[in-house]
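Note sheet for the following structure.
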Amino acid sequence: MGGADAGAGAFYDAALHKRETLMGKSGPSALIKNFRVFRIALFACIGGVLYGYNQGMFSGILAMPAFERHMGDYVTDSTKKGWLTAILELGAWIGTLLSGFIAEVLSRKYSVLVASAVFMLGVVIQATAITGVGHDAILAGRFITGMGVGSLAMIIPIYNSEVAPPEVRGALVATQQLAICFGIMISFWIDYGTNFIGGTTAETQSDAAWLTPICLQLAPAVILFVGMIFMPFSPRWLVHHGREEEARQVLSSLRGLSPDHELVELEFLEIKAQSLFEKRSVAELFPNLREQTAWNIFKLQFVSIKKLFQTRAMVKRVMVATVTMFFQQWSGINAVLYYAPSIFKQLGLDDTSTSLLATGVVGIVMFLATIPAVLWIDRVGRKPVLTVGAIGMATCHIIIAVIVAKNIDQWESHKAAGWAAVCMVWLFVIHFGYSWGPCAWIIVAEIWPLSTRPYGVALGASSNWMNNFIVGQVTPDMLEGITYGTYILFGLLTYMGAAFVWFLVPETKRLTLEEMDIIFGSEGTAAADFERMEEINNEIGLTRILRGESSNTTGTPYETFPEKGNTSDHSERIQAV
């Protein structure tokens, strides 16, 4: 076991050193260098815009008198209001669970098309609420729209992580969160603008005030559906499904290098080695599922999910993904996004227009705060950003709780205190924007081996949506029943999130997706597994490249790859990274 681990360490140490020599540093310059990939990721992130728009749009609609005319007590009753809001998350949870199989059978690319079509169907159903169907149409439409949103929220990070080179992978996955924040921002201001259609009173406001924000979702969904037809397949999915030459061409195009360039060859062979390893492992453990038919893949997803709980290393991955998403949602971010106008009214901003205006500021500061994460997350790392962000968010919650506890019945005479609490909400959103917004999704997308990645991400996203649903459902009752206790609860849980990240979540910056086995306990590189991987590496020529025995078209000859057993512990190298 020790020799195998040392050999695995030597191999991955050589691979990482080789790649760092060729690829350069992370940061803004790396995004410019990989502009083709950046452009593709930006387009795919329209799915994130749809997700964010849905999150933000409904909070403003709930505050509109014209919408209340159609919904009745589904707006005035706190429990029904929570159900009307949270049913989208319930649909997203189901959509996420179904997406793993679809993403593996149809490809990441075609799965985006399916999810976009489901999303558009849900929007059309919501629009029929104006015909007199009322809350039933909103409930059904938001559930179906949620299925599409949940699928997109899972598939887009996978797609972006699999087309991205290691030096910008975190930035491109973080771009998804930037797109979500952009969607939230524009939804808040669209709500603010349409709120004035026909007037702002129950007697005069037009139905167009709430119907327009709902229908506008169709435009980006159609653009994503049509444009995704012309986007490349994931090279990792192509390799895993036997389309190797196409995968090499896609890698070449994505990197802007010739197909025989050393960096393209190195990345291609690493992907192929991991794919062969997973296939041969499946063939050995489950020989009746070795053929990649749709039915076998369907059955294999249950095997893969079971596999997530069979070793300590995989259980640690499950814990990191699901618990990280638990703490992301119980930070209270979606309580703010879904009910911001109601929260601001509770803080003394009684006028609907003023509360919507304050809500619009939430969208702007969150969007701006996310930009640094996109630019610098691959250089700073995940752990410090998540820890600092959690401490900042939790502190804001506690301050808000103190302000509300002292002034809850006297906002008229203490308007400054109300605005101080509003500023703390804005500061809370800033802390979330640069930290838990992008970083949580980055971790969930990057920690899984190839064969279980769709199901691992689905599990993490499932935790996100289920906790999202619970938070959306209970927040109105919490704000009404325990008032400032709501912020204390969110604050204490977020402090716990900071401790969880600092002590239990490993750092993953600048490591390839295939290298995650090392930092999660070396379970994938135990003796038998390493022998299989070593055989594959020798078979496909990857070991020869790392020994410096291949032709080098652009760089200098690389130092000899050390023999198994003649290297120091690889864990030290991972920690250094």
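Here are a few things to note about the model shown:
- Any hit, the range 472-483, residues being modelled with pLDDT under 95 and either part of a loop (DSSP other than H, G, I, E, B) or under 17 Å from the mean Cα position of the chain (by Cα) (or both): yes
- Taken as a whole, the range 199-221 holds no residue that is open to solvent by less than 30 Å² (accessible area, probe 1.4 Å) and among the hydroxyl-bearing types (S, T, Y).
- For the range 33-65, residues that are outside any helix (DSSP H, G or I) and either farther than 17 Å from P157 by Cα or touching a Pro at 6+ places or on another chain (Cβ under 8 Å) (or both) total 3.
- Failed item, numbered, when N296 is tested on (1) within 22 Å of S111 (Cα to Cα); (2) outside any helix (DSSP H, G or I): (2)
- Residue match in the range 270-285 (condition: under 30 Å from G183 (Cα atoms) and either touching a Leu at 6+ places or on another chain (Cβ under 6 Å) or not aromatic (F, W, Y) (or both)): no
- Of the set (1) open to solvent by 20 Å² or more (accessible area, probe 1.4 Å); (2) over 24 Å from L178 (Cα atoms); (3) not β-branched (V, I, T), all apply to L62 but (1).
- Test: residue in the range 407-416 that is open to solvent by less than 10 Å² (accessible area, probe 1.4 Å) and in a helix (DSSP H, G or I): no
- For the range 66-77, a tally of residues being of a type in the set (D, E) and in a helix (DSSP H, G or I) returns 2.
- Qualifying residue in the range 380-388 (condition: on the phi < 0 side of the Ramachandran plot, open to solvent by less than 10 Å² (accessible area, probe 1.4 Å) and in a helix (DSSP H, G or I)): yes
- One residue from T175, T145 being over 18 Å from E89 (Cα atoms) and either in contact with a helix residue (DSSP H, G or I) (Cβ under 8 Å, 6 or more places away or on another chain) or of a type in the set (V, I, T) (or both): T175
- Flag for V374 being buried (at least 23 other Cβ atoms within 10 Å of the Cβ), within 28 Å of L42 (Cβ to Cβ) and within 20 Å of the chain's Cα centre (by Cα): yes
- Candidate set from the range 320-360 (those that are modelled with pLDDT of 90 or more and open to solvent by 10 Å² or more (accessible area, probe 1.4 Å)); member that is nearest to A417 (Cα to Cα): W330
The values are calculated or read from the model by the stated rules, or taken from the named source; none is laboratory data. Note that the structure is predicted; figures quoted are calculated from it, not measured. Cβ atoms come from the backbone with ideal geometry, glycine included; neighbour counts cover every protein chain shown. Accessible surface is based on the protein model in full, side chains and every heavy atom, while ligands, DNA and RNA are left aside. Shrake-Rupley method; radii C 1.70, N 1.55, O 1.52, S 1.80 Å.
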